[in-house]
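Structure first, commentary second.
Each reported figure results from applying straightforward, stated rules to the coordinates on display, with no laboratory input. These figures come from a predicted structure and were not determined experimentally. No Cβ is skipped: glycine too gets one built from the backbone with ideal geometry, and neighbour counts run over all protein chains shown.
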Amino acid sequence: MKNKVSTAFVLAAALWTGHALAQNVEVKDAWARATVQGQKASGAFMTLTAKADTTLVGVASSVAGVAQVHEMKMDGNTMQMRALPDGLRLNAGKPVALKPGSFHLMLMDLKVPLQKDTTIPVTLRFKDAKGVESTLDLKVPVSTSAPGGEAAGHQHGMHDAPAKP
């Protein structure tokens, strides 16, 4: 009996620790851009703040065949968008905004239209400085604009295929 109690305690502690690792990152103002019928891509946006140095290494959503962490930046006179193959670094205590025209989550090969005033499941995957991975499951509200009515600049409906690094 004593051995069973010890095993149960160890398993419970391991589960609790996994949950705590996923809570290393705070998410604020999350939203995904609504789409129209036939649109195959959209973006999701939010502000991430890590309690300790970590990297956003992946994203998944059941509404998208492909989900990636992306960056938009100027290359000369051309705005370029690309996936971040090494992920997005989050320095401890420093908020990182995922927003239109900058870092964002790209949702491609959409399986359903993203309808305003609904939510979509999004799973963020992180890796800490020690290489330990964790996930954070979100229910992201779908809207035509950012929380607070901020206009969103970049339209994601133009992208039907993953960007090449």
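Compared with the direct C-alpha span, the chain from Ala52 to Thr119 gains 21.3 nm at full extension, assuming 0.36 nm per residue. Net charge of the neighbourhood of Leu105, taken over other residues with C-beta under 12 Å away and scored Lys/Arg +1, Asp/Glu -1, is +2.
Taking K and R as +1 and D and E as -1, what net charge do the other residues with C-beta under 10 Å from the C-beta of Ala34 add up to? Summing Lys/Arg as +1 and Asp/Glu as -1 gives +1.
Neighbours of Glu133 by Cβ distance under 12 Å: Lys/Arg scored +1, Asp/Glu scored -1, total +2.
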